[in-house]
Every structure is written in structure tokens, then in C-alpha cells.
1. Of all residues in segment 27-58 being part of a helix (DSSP H, G or I), modelled with pLDDT under 90 and open to solvent by less than 20 Å² (accessible area, probe 1.4 Å), which is farthest from residue 105 (Cα to Cα)?
2. Of all residues being in a helix (DSSP H, G or I), farther than 27 Å from residue 306 by Cβ and among the small types (Gly, Ala, Ser) in segment 170-222, which is farthest from the chain's Cα centre (by Cα)? Just the residue, please.
3. If you go through segment 292-325, how many residues are farther than 29 Å from residue 235 by Cα and among the hydrophobic types (A, V, I, L, M, F, W, C)?
4. Out of segment 284-311, which residues are within 19 Å of the chain's Cα centre (by Cα) and more than 16 Å from residue 344 (Cα to Cα)?
5. Taking the condition of being open to solvent by 40 Å² or more (accessible area, probe 1.4 Å) and part of a helix (DSSP H, G or I), how many residues in segment 94-109 meet it?
6. Of all residues in segment 114-126, count the ones that are at pLDDT 95 or above and farther than 13 Å from residue 77 by Cβ.
7. Just to be sure I understand, how many residues within segment 110-153 are within 12 Å of residue 81 (Cβ to Cβ), in a helix (DSSP H, G or I) and either open to solvent by 40 Å² or more (accessible area, probe 1.4 Å) or of a type in the set (S, T, N, Q) (or both)?
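The values are calculated or read from the model by the stated rules, or taken from the named source; none is laboratory data. Computed from a predicted structure; not experimentally measured. Here the Cβ positions follow ideal geometry from the backbone for every residue, glycine too, while neighbour counts run over all protein chains shown. Side chains are part of the model used for accessible areas, which takes the heavy atoms of the whole protein and leaves out ligands, DNA and RNA. Shrake-Rupley method; radii C 1.70, N 1.55, O 1.52, S 1.80 Å.
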Amino acid sequence: MDILKSLGHPEEIFNLFKFKMGGCRAVMPKLDYESMTESLRTCYLYLNQTSRSFAAVIQALDGELRHAVCIFYLVLRALDTVEDDMTIPLDKKVPMLNDFHTFLYQDEWCFMESQEKDRQVLEDFPTISLEFRNLAQEYRDVISDICHRMGVGMAEFLEKKVGSMKEWDQYCHYVAGLVGIGLSRLFSASQLEDPEVGQDTELANSMGLFLQKTNIIRDYLEDTQEGRAFWPQEAWSQFAGRLEDLAQPEKLELALSCLNLLVTDALRHVPDVIAYLSRLRNQSVFNFCAIPQVMAIATLSTCYNNPMVFQGVVKIRKGQAVTLMMEATNMSAVQTIIAQYSQEILHKVSPTDPSREKTLHILAVIREKSALSQSSLRSRTHHLSPMYLSAAMVLAALSWQYLSTTAAQAQGTSDMQRP
């Protein structure tokens, strides 16, 4: 049960209950699907089926920007599905990636041969491309341009490994930095944000790189088991002969040194993240941008010096994720969260870690950018007695079961009342 994992964090238990009872609507208001065309409803269906983390925040965006970002996501998901499909031969995949942006203007183009789990976005691409063509010209121009640049970049890295740290930045730029740049241009095109948000590509790129590097670091075991290699060779070759060797128990100390090196590299993007978020003025855009970023730094804190990265799945608690989602709605709260997790990483830095000095330096820069006092950090830390934990376990389990049953009954009644 998710709630039991949060017993040492009472604010998470409170927020889980609040979220369960409808508090999520404050951050993610419910969409009016009835007013949409059938093809647009289908696009939102695909969005919810294919996105683990972005579907909710996309649907909370204001006005026409919501539809533009939904279609942007689905177009890039289709492109990414082509890249990920190992059953497509290179002589077929490379031209597809290079030309994918042209398929947006071909009414009937689809691809029926994919074996990937998200293949529906390729099989029913005509629905997605139709809604793309229904967007305003300023949105279409951005989406087509980013799709083109990303496809070319993906094709480039199909035939070479991520070698140097510079190439790691380049790969992450193609697959995520361009997403940040495209989104920023969409925000400005919608006039919900100032033109400088879309013009400052350096900050927008850092937003994407921070998220992508976090995912790559966290997914080490899954990727290596499936034959994918995204950790840069310049980093892992300092500690092992092969990337997969880092998962060997006898190499744990070396593996952790490599892990901490990469976490430190990812953290250097955080000052840009703070600068980017401080420019945003629309609440829905701020939530959309801030929530994934605070979840990323929470994930990095969990990954840092953590042997589980090489042994299993590393995830933040559901209560933790819900709390971040509900709290990260203003710049002050985001700075507090960033400072908190930076402090957590600081406490884990080993005196013998090879990257220690670089880690301490970037954490000091982040702490300065966050500009928060130690008293703010202490107010978010809770020390709990065994009596509290025992009582909370019983109360939480009973309350959660009751709320789940009540919610299920309410949903069933609602479904029966629908025509």
C-alpha cells in the first residue's frame, strides 16, 4: 500500500488523503471532453495511454495551448516509438526519422509494423496529424521544426554510441532539450508567456537536459538489460571495462562513484532551471514546468549513492510525488523544495567520492540560487516517535481502505448515471 511508505512523512499522508478526496483538481482541473471533436478526444485518449508523467500536467494547461502541447507530445511520442523499435532495420528507420516531419502533412500516412507498446500512435497517426493541421500556423511551425531537428538527431545517434560527456549533452539535447525549446516557443506563441521565454534557448535546453539525464541515470538497469546504453562512455570507462559490469556486486563501490559523477553533472543544470521558472507568469504553465523539475531533483536525491540503481527500480514514493505536485505551484515553494533535496544530497556526499569537490561546488551554487535559510529547511523535517508510527500505520490503513471503497462506489454510481 502506497500510504504505508509515507509513514515517516506525515505531510505526505495528509496530501495523499487530500489528493484522493479531490485535491488534485486544484492543480489538474477536469477537462470538458464533450465539447471536443471525436479526433481530438482520441488524441487525449492516446495521451493518457502513453504518458506516465506528463498527461496530467498537459491537460491542466490553459486554453488552446493545451491542445497544441497535447499534439506536440503525441507527434514526438510517435517519433520516439520509431527510434525505440529495435525490429525496424536501420536502412528503413533512418529515412523514417529524417523525414518524419513531412508525415504531418500527409493525410493518410501511418506505420503498421511497429512492435512497441505505444504503437497505436503510429497506427492511428492520421488522427494525430489531422489535429496537428487543425492547430494555428504558429503552433504548427514550431512542432514541425522541432520534429525535424529531433528526427535528424535521433538518426545520427542510431549509428554511434554516447561516448564523451559532450556527446551526452548533445544526445540529451536532441531527445529532450529540443522538447524544452519547442515548449517554450509554444508558450510564447500562445501569448501566455513573454517572448523571451521562447527566445532563450539555453535555459529551455537545460530544462530538457535535467529531466532526460535524471531518467537516464535512474533507468540504468532497465536500459542495460534491454541492450540500450545511454550512460556516456567517458564516465563509465573510468570505473569498468563494460557498462553492464557496474551491476556486478563486487564493483559496487566503483559503480557508485560513476553514479555520483553523473548525478553531479545533471545537477549543474539546476541553476538554469531556477532562472527559467522565475520568468514564468502564467500559473498553468508554471505548474506544467515546475512539477516535473521538482520530481526530477527528488529522484536524483534518491538515486545519489544508492546501490538500488544497479539492483532494481528506483522511484520516489507516491506520497512524495503527490506532495510535490500539490506544493510546487509558486517560485518560493519550488526554491524550498530544490534546497531541501540539495541538502539531502549534501548529507550523502562521501569524503572519498572522486567527484566530491565538484558535487560540493554545484550544491553550493544551487543553495545560493535557492536563497533559503536553514530554518526553512528544518521546518520541512519531521522526527517521529515509534508510538506515532504504530498509530499512524493502523489509522492510515483503515482510512485508506475506507476512502478507496467510498471512491469506488461513487465512481460506479457516476458511471451508471451517464447516458
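1. 27
2. 189
3. Count: 4.
4. Correct list: 284, 285, 286, 287, 288, 289, 290, 291, 292, 293, 309.
5. Selection size over segment 94-109: 5.
6. Final tally of qualifying residues: 1.
7. 2
Residue-by-condition table, conditions (1) surrounded by 22 or more Cβ atoms within 10 Å (Cβ to Cβ); (2) aliphatic (A, V, I, L, M):
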| residue | (1), (2) |
| --- | --- |
| 210 | yes, no |
| 221 | no, yes |
| 228 | no, no |
| 233 | no, no |
| 252 | no, yes |
